[in-house]
Amino acid sequence: MIDKFTITKPDDWHVHLRDSQMLDVVVLDTVKQFARAVVMPNLQIPVITTEMAIAYRERILNSIEKLKSENRIEVGNIFEPLMTIYLQDSTPSEEVLRAKKSGVVFAFKLYPASSTTNSQHGVVDLLGNCSELLENLQKVGMPLLVHSEVSDRRVDIFDRERVFIDRVMVILRKISKFKNSILSIFLTKEGVDFVLDDDNSPIAATITPQHLIYNRNDIFFGGLNPHLYCLPILKKEEDRIALLNAATSGNKKFFLGTDSAPHDKSFKENACSCAGCYNASHAMSLYASIFDSVGRLDNLELFASFNGPDFYNLPRNKELLTLYKEDNIVPNELTSNDIKIIPLSAGKILKWLYVAVFDFNLF
Ligand code: DOR
Ligand code: ZN
């Protein structure tokens with residue numbers, strides 16, 4: 001029986017680290033488990049230029065330095081934030097060249113306007129207004145990350161990904177001349193089928209723990225549960241099963257993206273609850289428990305550590321992360337100064353526990 005499992009240190013290809021006080025609280029969780037993370041640009045004041053991405057990166061690195069000086073992470077812990085720029089209809093196409101030249105911007109992120117948290121300044125007409133910019137992205141080989149949902153209020157919230165695939169992704173796939181350039185967050189059976197449809201397409205998808213564990217019934221089970229409200233919203237059980245099969249299959253087009261998106265408890269348990277689940281505190285324990293539950297722990301390293309860098313032609317990480325088979329309870333609440341966060345699966349028992357090297361004294 002396996003009771004310990006060591007894998008190459010994973011990367012998180014989709015995370016929200018926020019800013020200011022919240023950044024200081026959450027960055028530690030990501031840094032302990034992941035060697036690199038793609039940092040989303042949807043801050044309250046979105047990161048819309050290269051200059052802003054460089055400044056945000058500095059704030060992240062400063063926050064990590066502070067943790068090191070407080071001995072909360074090892075001085076030798078290496079973490080690379082992969083920065084992104086929030087695309088707008090008005091973003092000049094030359095911004096792509098500036099971004100490339102900076103050496104720290106990894107990708108542009110497409111949020112269809114008003115599709116999710118802080119996306120009101122996002123894109124209204126991608127193909128009409130951003131075609132030159134899309135050309136430039138391909139010229140310099142920079143990925144486009146996509147929040148794959150229409151925001152059209154006439155479309156049922158559970159159908160928004162399917163409609164987005166028909167209206168936007170099919171065209172993006174056709175016009176994209178470069179290999180491995182589009183990463184979408186796909187969280188339905190149709191999304192999985194779209195990725196699998198063409199092995200040579202430039203499209204891959206990240207999958208979150210919440211979409212692997214829960215379906216839309218869970219949002220309403222025993223009352224309305226705001227901590228399971230995220231966007232794209234949880235879907236049907238058949239979608240969850242399709243995602244579980246895709247993630248655990250080892251297929252190179254699917255890889256880890258937590259979409260960890262912290263909101264203070266007061267904004268979640270609110271008459272108008274914010275979308276987003278916080279899972280960074282125990283992301284690898286969640287993924288390992290899920291993979292183990294279907295007997296596919298052998299494919300965890302592909303999903304978490306290899307498929308992502310391979311898709312982007314980046315080196316695989318050299319560091320390692322060890323997971324232990326040991327029941328552990330997800331805390332009911334995470335607290336730091338004035339901030340309270342309810343983590344995903346709060347109060348639930350997980351079968352696997354990740355242990356960052358520095359936490360060894362827990363044992
Ligand atoms: O649930 C979500 N929360 N989905 C997103 O796309 C954004 C995120 C956030 O920033 O809170
Ligand atoms: Zn996100």
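The values are calculated or read from the model by the stated rules, or taken from the named source; none is laboratory data. Remember, predicted model here, so these are calculated numbers, not experimental data. Positions of Cβ are backbone-derived with ideal geometry, glycine not excepted, and every protein chain shown enters the neighbour counts. The area values use the complete protein model at the heavy-atom level, side chains included, leaving out ligands, DNA and RNA. Shrake-Rupley method; radii C 1.70, N 1.55, O 1.52, S 1.80 Å.
The residues of the stretch 1-18 that are in contact with a helix residue (DSSP H, G or I) (Cβ under 7 Å, 6 or more places away or on another chain) and within 15 Å of ligand 2 (Cβ to nearest atom), listed by number, are D12, W13, V15, L17, R18.
Elements of the type helices (runs of 4 or more DSSP H) sitting completely within the stretch 231-310 and holding at least 1 residues that are within 16 Å of ligand 2 (Cβ to nearest atom) and closer than 23 Å to V39 by Cβ: these cover 265-268, 283-293. Scan the stretch 217-230 and give yes if some residue there is among the charged types (D, E, K, R) and in contact with a Phe, Trp or Tyr (Cβ under 9 Å, 6 or more places away or on another chain), otherwise no. The answer is no, given that none of the residues of the stretch 217-230 is among the charged types (D, E, K, R) and in contact with a Phe, Trp or Tyr (Cβ under 9 Å, 6 or more places away or on another chain). One residue stands out in the stretch 318-363 among those that are of a type in the set (S, T, Y) and surrounded by 14 or more Cβ atoms within 10 Å (Cβ to Cβ): the one that is modelled with the lowest pLDDT, namely Y354.
Applying the criterion of at least 3 residues that are open to solvent by 20 Å² or more (accessible area, probe 1.4 Å) to the strands (runs of 3 or more DSSP E) found wholly in the stretch 3-64 leaves 4-8.
Kindly indicate whether any position in the stretch 162-179 is in contact (Cβ under 8 Å) with a residue 60 or more places away in the chain, within 21 Å of the chain's Cα centre (by Cα) and either away from ligand 2 (no atom under 16 Å from the Cβ) or more than 17 Å from L256 (Cα to Cα) (or both).
No, the stretch 162-179 contains no residue that is in contact (Cβ under 8 Å) with a residue 60 or more places away in the chain, within 21 Å of the chain's Cα centre (by Cα) and either away from ligand 2 (no atom under 16 Å from the Cβ) or more than 17 Å from L256 (Cα to Cα) (or both).
The residues listed here are S119, S93; of these, the one that is among the hydroxyl-bearing types (S, T, Y) and farther than 15 Å from N42 by Cα is S93. For first residues located in the stretch 254-267 and within 10 Å of K340 (Cβ to Cβ) and among the charged types (D, E, K, R), partners that are more than 9 Å from ligand 2 (Cβ to nearest atom) and open to solvent by less than 10 Å² (accessible area, probe 1.4 Å) and lie 6+ apart or on another chain with Cβ distances below 7 Å form the pairs D264/I341; K265/I341. Restrict the check to the stretch 132-145 and report whether at least one residue is touching a helix residue (DSSP H, G or I) at 6+ places or on another chain (Cβ under 6 Å) and within 30 Å of K348 (Cβ to Cβ). So far as the stretch 132-145 goes, no, none of its residues is touching a helix residue (DSSP H, G or I) at 6+ places or on another chain (Cβ under 6 Å) and within 30 Å of K348 (Cβ to Cβ). Of the residues making up the stretch 178-209, those that are in a helix (DSSP H, G or I) and more than 14 Å from ligand 1 (Cβ to nearest atom) are K189, E190, G191, V192, D193, F194, V195, L196, D197. Of the residues making up the stretch 208-226, those that are within 16 Å of ligand 2 (Cβ to nearest atom) and touching a residue at least 60 places away in the same chain (Cβ under 8 Å) are T208, P209, Q210, L212. So, D218, is that one assigned to a helix (DSSP H, G or I), in contact with a helix residue (DSSP H, G or I) (Cβ under 7 Å, 6 or more places away or on another chain) and open to solvent by less than 30 Å² (accessible area, probe 1.4 Å) or not? The answer is no for D218. Against the list (1) charged (D, E, K, R); (2) modelled with pLDDT of 95 or more; (3) in a helix (DSSP H, G or I), the condition K174 fails is (2).
Run down L286, L244 and say which single residue is in contact (Cβ under 8 Å) with a residue 12 or more places away in the chain and open to solvent by 10 Å² or more (accessible area, probe 1.4 Å).
L244
Return the residue satisfying two criteria in turn: it lies in the stretch 20-60 and is among the acidic types (D, E) and farther than 25 Å from G308 by Cα, and of such residues it is farthest from ligand 1 (Cβ to nearest atom). This residue is E51. Pull up the stretch 113-131, narrow it to residues that are more than 12 Å from ligand 1 (Cβ to nearest atom), open to solvent by less than 30 Å² (accessible area, probe 1.4 Å) and assigned to a loop (DSSP other than H, G, I, E, B), then point me to the one that is nearest to L144 (Cα to Cα). Once the filter is applied, the top-ranked residue is C130. Kindly indicate whether K101 is over 30 Å from K325 (Cα atoms), outside any loop (DSSP other than H, G, I, E, B) and among the basic types (K, R). It is true that K101 is over 30 Å from K325 (Cα atoms), outside any loop (DSSP other than H, G, I, E, B) and among the basic types (K, R).
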